[in-house]
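Data block below; observations after.
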Amino acid sequence: MRILVLNAGSSSLKGAVVDTETGRRLASGKVERIADGGHAAALATLVDELDDVGGIEAIGHRVVHGGTQFSEATPLTDDVIAAVDALTPLAPLHLPANLAAIRAAREHFPGLPQVAVFDTAFHSSLPRRASTYALPTEVANQHGVRRYGFHGPSHAYVARRAAEHLGEDLRDLRVITLHLGNGASACAIEFGRSIETSMGMTPVEGLVMGTRAGDVDAGALIAIARAEGLDLDGLDNLVNKQSGLAGLSGVGNDLRDIEARAAEGDDRCRLALSVYAHRVRKYIGAYAAVLGGADAIVFTGGIGENSAAMRHRAAQHLQFLGARLDEDANRDARVDVSSPVAEISSANSRCRLLVVKTDEEGEIARAAAQRLAAAGAKEAGRVIPVAISARHVHLSREHIDVLFGEGYALTPKKELTQPGQFACVERITLVGPKSELERVGIIGPERSQTQVEISRTDEFALGIDAPIRMSGDIAGSAGLTLRGPKGEVTLVEGVIQSQRHIHMTPDDAQRYGVQHKDIVEVAIDSAGRDLVFGDVVVRVKDSYKLEMHVDTDEGNAADLCRGHEGVLYGTEGRVRSLRKQPR
Ligand code: ADP
């Protein structure tokens, strides 16, 4: 997808066109010195500047604050815009600019889908113990005072890139990411989820930044305000604009200038560097404790990517973590778009040190495209409810007579999704050569032949080997003994593992573009256990109700829960069919 990413500040508007298939940035531009209410004109100028702008399919907006309400990228509707507007008190400088750009873009590109990608969303996974300030609960709740965290797209992107570089799944890793730019924040990422981050309710907390103070004693601010007679705007200015590297060094917020002056012996600049590095190292230690160890530490942002000297200072004395800097690799590390990852730890470093070039626009585009694809799948009606079919038995009349007594009628307990099918009150025991499974459910009504459907795990327990078959196809399948209250039946065949399948009506089939006996893929989106099921057989019948069935092993592999849905793939090229192929 070709996405225009817009990043609006109070006086600037940055834009980039990203192809999310290749991850390539096709164009980028920036308009500065925007006056109040000038975002529409700025957008028009920017669009002229990005002459590649043709072919844009959607717009991704960087939105600085999503409060507690937005924990993922969200398509912008009137309601969503109103909800973001209501969050303005949380980010009074940034959100109005974001909203101005959103409104301008909706006017300029009326036909295109627009998605808000929130800086805070990645940190919505923070546990309460990390997001809560020790302030009076009532006051905090009333004003939304808690730690939200920022730089989400950057932390998410560099952590993913780091895992790719290490050849590991991010969900197996504990990563500390350090975004050191003009703004700076650290993040503790446990198995892919942010569990602690240094920016708080606002982007002022945490590390030393270009002009922001980071952590500072609240009592000190009160004392300064009293002594200097500062009002709230004065205090705001102090911690946001006059502090950080600029306030420490006295030569501005650009680290390059400070490094140059420090090299000449300027004491304020030398102190600025060591305060900055000390704060970073302190957070690394704290986050290693929060994570119970770290597999990787990632440097990014203008300073993290470019200042070998700052990385050197920040990565001192981390041997206790198993992190050893390779000084040569650190000095020589260069990251750019074509080669965004450099490793700077020594070969014997248990915790790996990496430099990763961040790509916030790329990540915003990716998040927007992914959200639209998910919404598109839903709209296109490719979403399918998925249910776990636990081990069960269908019984013939003849076998009911033996197991429960002549002429016995099974007692329905619960209607099942497929019309006419019901779970029974009665239960039976499966007797295998190795063990027995008790209290196995029976599904009514009675059938012409008895059939037992179990999972691979059940087979191991019972000590048998059943084939994967469609229901009804039992010739040559496995045998087993069934025990009921009145007698036993020994089956020569009839035990199968049910082939995963989807029940649907002819209307459904037409909507999905599939036919009876087609084999399709169904993707399950599951927190931590995403899975694509292949070899799913489509079964079409007027009386069916739309539902995919998997057995307990399959369901657990995808961590399925009640009400789960999957997305059907395979309308283009990936559909195989049983129709003409004998199995
Ligand atoms: P932003 O947060 O505004 O996107 P950046 O990520 O571009 O900012 O980071 C800006 C910071 O990176 C500045 O302090 C700048 O001095 C620093 N920086 C950029 N290049 C270098 C370099 N080669 N050496 C040291 N610092 C650098």
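The values are calculated or read from the model by the stated rules, or taken from the named source; none is laboratory data. Since this is a predicted model, take the numbers as computed values, not measurements. FYI the Cβ positions are ideal-geometry reconstructions off the backbone, even for glycines, and counts take in every protein chain you see. Just the protein is used for accessible areas: all its heavy atoms, side chains included, with ligands, DNA and RNA removed. Shrake-Rupley method; radii C 1.70, N 1.55, O 1.52, S 1.80 Å.
Quickly run through region 1-51 and pick out the residues that are β-branched (V, I, T) and within 24 Å of the chain's Cα centre (by Cα). Within region 1-51, I3, V5, V17, V18, T20, T22 meet the criteria.
Evaluated against (1) assigned to a helix (DSSP H, G or I); (2) more than 11 Å from the ligand (Cβ to nearest atom); (3) open to solvent by 40 Å² or more (accessible area, probe 1.4 Å), A309 falls short on exactly one condition, (2). For region 321-404, the strands (runs of 3 or more DSSP E) that sit wholly inside it and include 2 or more residues that are within 16 Å of the ligand (Cβ to nearest atom) are 352-356.
Count of region 235-248 residues, restricted to those that are open to solvent by less than 50 Å² (accessible area, probe 1.4 Å), in a helix (DSSP H, G or I) and more than 11 Å from the ligand (Cβ to nearest atom), is 5. Please specify each residue of region 500-535 satisfying the condition of being within 22 Å of I454 (Cα to Cα), without any contact (Cβ under 8 Å) to a residue 40 or more places away in the chain and open to solvent by 20 Å² or more (accessible area, probe 1.4 Å). Once the filter is applied, which keeps residues that are within 22 Å of I454 (Cα to Cα), without any contact (Cβ under 8 Å) to a residue 40 or more places away in the chain and open to solvent by 20 Å² or more (accessible area, probe 1.4 Å), region 500-535 yields L531, V532, G534, D535. Restricting region 471-481 to residues that are in contact (Cβ under 8 Å) with a residue 24 or more places away in the chain and part of a strand (DSSP E or B), which is surrounded by the fewest Cβ atoms within 10 Å (Cβ to Cβ)? The extreme case among them is T481. In region 258-277, of all residues being in a helix (DSSP H, G or I) and free of Cβ contacts under 8 Å to residues at least 12 places away in the same chain, the one that is farthest from the ligand (Cβ to nearest atom) corresponds to D267. Surrounded by 21 or more Cβ atoms within 10 Å (Cβ to Cβ) and farther than 23 Å from M201 by Cβ - does that describe any residue in region 115-130? Yes: region 115-130 contains one or more residues that are surrounded by 21 or more Cβ atoms within 10 Å (Cβ to Cβ) and farther than 23 Å from M201 by Cβ. Look at (1) without any contact (Cβ under 8 Å) to a residue 12 or more places away in the chain; (2) within 22 Å of P419 (Cα to Cα) and you find that T490 fails only one, number (2). Would region 287-299 turn up any residue that is without any contact (Cβ under 8 Å) to a residue 40 or more places away in the chain, among the hydrophobic types (A, V, I, L, M, F, W, C) and either assigned by TED's automatic domain parsing to the domain that holds T211 or away from the ligand (no atom under 16 Å from the Cβ) (or both)? Checked against the condition, which is being without any contact (Cβ under 8 Å) to a residue 40 or more places away in the chain, among the hydrophobic types (A, V, I, L, M, F, W, C) and either assigned by TED's automatic domain parsing to the domain that holds T211 or away from the ligand (no atom under 16 Å from the Cβ) (or both), region 287-299 yields at least one hit.
A Cβ distance below 7 Å, combined with a sequence gap of six or more or placement on separate chains, defines the contacts here; from region 446-470, residues that are among the polar types (S, T, N, Q) reach residues that are open to solvent by less than 40 Å² (accessible area, probe 1.4 Å) and part of a helix (DSSP H, G or I) in the pairs T450/H399.
The strands (runs of 3 or more DSSP E) falling completely within region 121-213 that include 2 or more residues that are among the small types (G, A, S) and within 16 Å of the ligand (Cβ to nearest atom) map to 184-190. Is it the case that some residue within region 363-378 is closer than 19 Å to L178 by Cα and in contact with a Lys or Arg (Cβ under 8 Å, 6 or more places away or on another chain)? Yes, the conditions are met somewhere in region 363-378.
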